[in-house]
Amino acid sequence: MVTMAIRHHHLHDPLAAIVGSKYVADEDFVLETYSRDISAFPGSMPGIIVRPGTTEEVSEIVKLANRTGYPIVLKGGGQAGGGVTKGEPTRNIVIDMGRLDKVEVDIANLKATCGAGARNSRIDDALRPYGYYANTVIGPYFTATIGGVTSGIAGAGFGKNVSSVGCNWGHILGLKVVLPTGDIITTGAGPDSNIYRKDIEFREVTGPDLTSLFIGSGGALGIITEVAIKIYPIPKYSKAASYVFDTMENIWAAQLKMAESPTVLYTNLIMFEMANHMVRAMAGDMHGYGALFMAVEGDSEADVDLRLKEIEKICTGFGATRGTPALNHYAATGATGTGAFVHDVCAMSCPFMTWESMSTRSQSLEYAKRMLDILNNQFKEENAKYRTSGGLYTVPIANTMLIGITIHWDDTVPGVEEHNRKLWKAGADFMLKNGTFSAYAQGNHSSSISSAWSPTYYKVMSGIKKTLDPNNILNPGLWNL
Ligand SMILES: Cc1cc2nc3c(=O)[nH]c(=O)nc-3n(C[C@H](O)[C@H](O)[C@H](O)COP(=O)(O)OP(=O)(O)OC[C@H]3O[C@@H](n4cnc5c(N)ncnc54)[C@H](O)[C@@H]3O)c2cc1C
C-alpha cells in the first residue's frame with residue numbers, strides 16, 4: 001500500500017495548536033468555497049481557513065498573524081454583495097466566525113449577548129420561548145451573522161422594524177472586539193470602561209462612544225466576537241395592509257406623508273415596484289406602478305386598527321386601492337421579516353449585487369428615478385444580452401429614505417459578470433456624486449466609498465487604522481487603508 005504524505009500550509013500546525021486540527025482547512029476545494037461572495041466581483045483565493053470557538057482563540061490567531069506577517073480576512077455568513085476583501089490573494093488567513101454562536105439571554109436586563117457568528121434566526125430562536133425578539137435583518141435571517149451585519153452594513157443593519165425604530169445601531173449595547181494586535185476590548189458600559197464591572201450593561205458611557213467605531217467598519221479595525229443587544233417583547237397583535245398605487249409620485253407622497261405622522265403608524269413599511277416578479281405573481285389582475293406593504297403591531301388591537309385606518313386614509317387619499325389577499329399576505333410576512341420565502345431566497349444565495357443607499361427625504365424621488373434610469377437605459381442592450389435585470393424597493397427610515405436596487409442576472413451567460421461590474425460601477429459613481437454612498441461596508445463598496453473621503457477624513461481614518469493595526473494585518477486594503 002502506498003501512503004501519501006499530505007503537504008499542509010505551514011501555518012496549519014500552529015493554527016491547529018490554537019483551535020484543534022479539525023477546525024483548520026487548507027484543501028483546494030475548501031479554499032475555493034471561501035474565495036468569493038455571491039456578487040459578480042472577482043474573488044480572492046485564501047491561503048488557509050480557521051474556525052475558532054472562543055474570543056481567546058481569535059486573539060491567539062491574530063497574534064500568530066502579526067508574528068508571521070500573514071493577513072487576516074473575515075468570513076461571517078458570506079451574505080456580502082460587495083466582493084470579499086482582497087487582502088493578499090493566496091496568503092490570507094480566513095477566520096470563519098461561525099462557531100462563535102452562543103446566545104445568552106438575560107430577560108431581567110432586557111438583553112442578549114450573542115457570539116458574533118450567531119445567525120440572526122438563532123438569536124430569535126433563543127428569545128422566542130421567553131416571548132422576546134431582537135432587531136436583526138429582514139432578509140438573510142438564516143444566513144448572515146450578527147457580527148457580519150454589525151460590521152458589514154451601514155447602521156449595523158436594517159431589521160424588521162427599521163421604519164419605526166431605526167437601524168440596529170441603536171439597539172446595540174456594546175461589543176467584545178479582538179483588536180488587530182490581539183488585545184481584547186469591550187465597548188459600551190462593559191468591563192473595560194469600568195474595571196469593576198463584569199458584563200456589558202448598557203451603551204452609554206461618559207467618554208467617546210467606542211462601539212460606533214466598529215459599527216459599519218467592515219472589519220478593518222477589529223474582529224467583533226460578541227454583540228450585546230437590547231431585546232423586546234413580541235407584540236400581541238400583528239396585522240398587515242397593502243396598497244397599489246398608479247404612479248411613482250403618488251406612492252412617494254403617501255410614504256412621506258405617513259412618515260410625518262406624530263404617531264408611528266406602521267411597524268415596518270416597504271415599497272416594491274409591481275414589475276418585481278414576486279409582487280407581479282401575487283398581484284393577479286391588479287396593475288399599477290407599485291405597492292406599499294405595511295405591518296402594524298402593538299399590544300392593543302384597538303390601537304392597531306386605528307393605525308390601519310389612518311394608513312388607509314392616507315393611501316386612498318393618494319389614489320391607492322387595497323391589495324389582493326396575496327399581497328396582504330406578503331405584507332404580513334415580508335414586511336415583518338417573518339416570511340419564510342424571503343429567508344429562503346437569501347438562503348439559496350442567488351447571484352446578488354446591490355445599489356442600496358440612503359437618500360435625504362427631499363431628494364429621494366428624483367434620486368430613485370435617476371438610479372432607475374442607469375439600470376434601465378444606460379446599458380439597455382447589454383442588459384438584454386446578459387439577461388441582467390433589477391428592481392427598486394424603498395424603506396423610509398427616520399429622516400432618510402433607503403433606496404435599493406437589486407441586480408440579478410443569468411450566470412450561465414458568458415461575460416455576464418464583467419458586464420454587471422460595469423453596470424454596478426456606473427450606479428456606485430452616481431451615488432457618490434449625489435452626496436450619498438452604498439450601505440454595504442464591504443470589499444468593492446468600501447473602495448468606492450472611501451474614494452470620496454476628503455483628505456482630512458482620510459487622514460483621521462488612516463491614523464486610527466495605523467494606531468490599531470500597526471502591521472496592517474486585518475482586512476488590508478479595505479477602505480483603501
Ligand atoms: C439577498 C440579501 C438580502 C439582504 N437583506 C438585508 C436586510 O434585510 N437587512 C440588512 O441589514 N442587511 C441585509 N442584507 C445585507 C447583509 O446583512 C450584509 O451583507 C451583512 O454584512 C452580511 O453579514 P454576513 O454575516 O453574511 O457577513 P459576511 O458577508 O461574511 O461579511 C460581511 C462584512 O463584514 C465583515 N465581518 C464579518 N464578520 C465580522 C466580525 N465578526 N467582525 C468584524 N467584521 C466582520 C467582513 O469583513 C465583511 O466586510 C442582505 C444581503 C443579501 C445578499
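The values are calculated or read from the model by the stated rules, or taken from the named source; none is laboratory data. Quick caveat, the model's predicted, so the values are computed rather than measured. Here the Cβ positions follow ideal geometry from the backbone for every residue, glycine too, while neighbour counts run over all protein chains shown.
The figures follow:
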item	result
Which listed residue, of ILE223, ILE200, is in contact with a strand residue (DSSP E or B) (Cβ under 6 Å, 6 or more places away or on another chain), crowded, with 24+ Cβ neighbours inside 10 Å and under 20 Å from HIS445 (Cβ atoms)	ILE223
Residues of the range 32-65 that turn out to be in a loop (DSSP other than H, G, I, E, B) and either crowded, with 23+ Cβ neighbours inside 10 Å or out of contact with any Asp or Glu (no Cβ under 9 Å at 6 or more places or on another chain) (or both), as a count	11
Those strands (runs of 3 or more DSSP E) lying entirely in the range 71-174 with at least 2 residues under 27 Å from LYS236 (Cβ atoms)	103-106, 111-115
Residue tally, condition basic (Lys, Arg) and more than 16 Å from the ligand (Cβ to nearest atom), over the range 29-77	2
Test set (1) over 27 Å from GLY82 (Cβ atoms); (2) among the small types (Gly, Ala, Ser); (3) surrounded by fewer than 23 Cβ atoms within 10 Å (Cβ to Cβ) - ALA291 fails condition number	(3)
Any pair with Cβ under 6 angstrom, 6 or more apart, that starts in the range 152-174 at a residue that is over 14 Å from MET294 (Cα atoms) and ends at one that is more than 9 Å from the ligand (Cβ to nearest atom) and basic (Lys, Arg)	HIS171/LYS230; LEU173/LYS111; LEU173/ARG203
Candidate set: the range 230-257, residues that are within 21 Å of THR324 (Cβ to Cβ) and hydrophobic (A, V, I, L, M, F, W, C); chosen: the one surrounded by the fewest Cβ atoms within 10 Å (Cβ to Cβ)	MET248
Residue that is modelled with the lowest pLDDT, among those in the range 312-337 that are over 20 Å from GLY404 (Cα atoms) and assigned to a loop (DSSP other than H, G, I, E, B)	THR324
Among (1) under 25 Å from GLY174 (Cβ atoms); (2) away from the ligand (no atom under 14 Å from the Cβ); (3) surrounded by fewer than 19 Cβ atoms within 10 Å (Cβ to Cβ); (4) touching a residue at least 24 places away in the same chain (Cβ under 8 Å), the one test that ALA112 misses	(3)
Selected residue (criterion: farthest from MET353 (Cα to Cα)) from residues of the range 129-169 that are at pLDDT below 95, among the small types (Gly, Ala, Ser) and more than 9 Å from the ligand (Cβ to nearest atom)	SER164
Subset of the range 470-481 [closer than 16 Å to ALA65 by Cβ and either surrounded by fewer than 17 Cβ atoms within 10 Å (Cβ to Cβ) or assigned by TED's automatic domain parsing to the domain that holds PRO89 (or both)]	PRO470, ASN471, ASN472
The range 201-233: number of residues that are in contact (Cβ under 8 Å) with a residue 60 or more places away in the chain, in a loop (DSSP other than H, G, I, E, B) and more than 16 Å from the ligand (Cβ to nearest atom)	2
Enumeration of residues in the range 262-302 that are among the charged types (D, E, K, R), over 23 Å from the mean Cα position of the chain (by Cα) and either within 19 Å of LYS160 (Cβ to Cβ) or assigned to a strand (DSSP E or B) (or both)	GLU297, ASP299
Pairs, first modelled with pLDDT of 90 or more and of a type outside the set (A, V, I, L, M, F, W, C) in the range 390-412, second assigned to a loop (DSSP other than H, G, I, E, B) and surrounded by fewer than 21 Cβ atoms within 10 Å (Cβ to Cβ), C-beta under 7 Å, six or more apart	THR400/ARG361
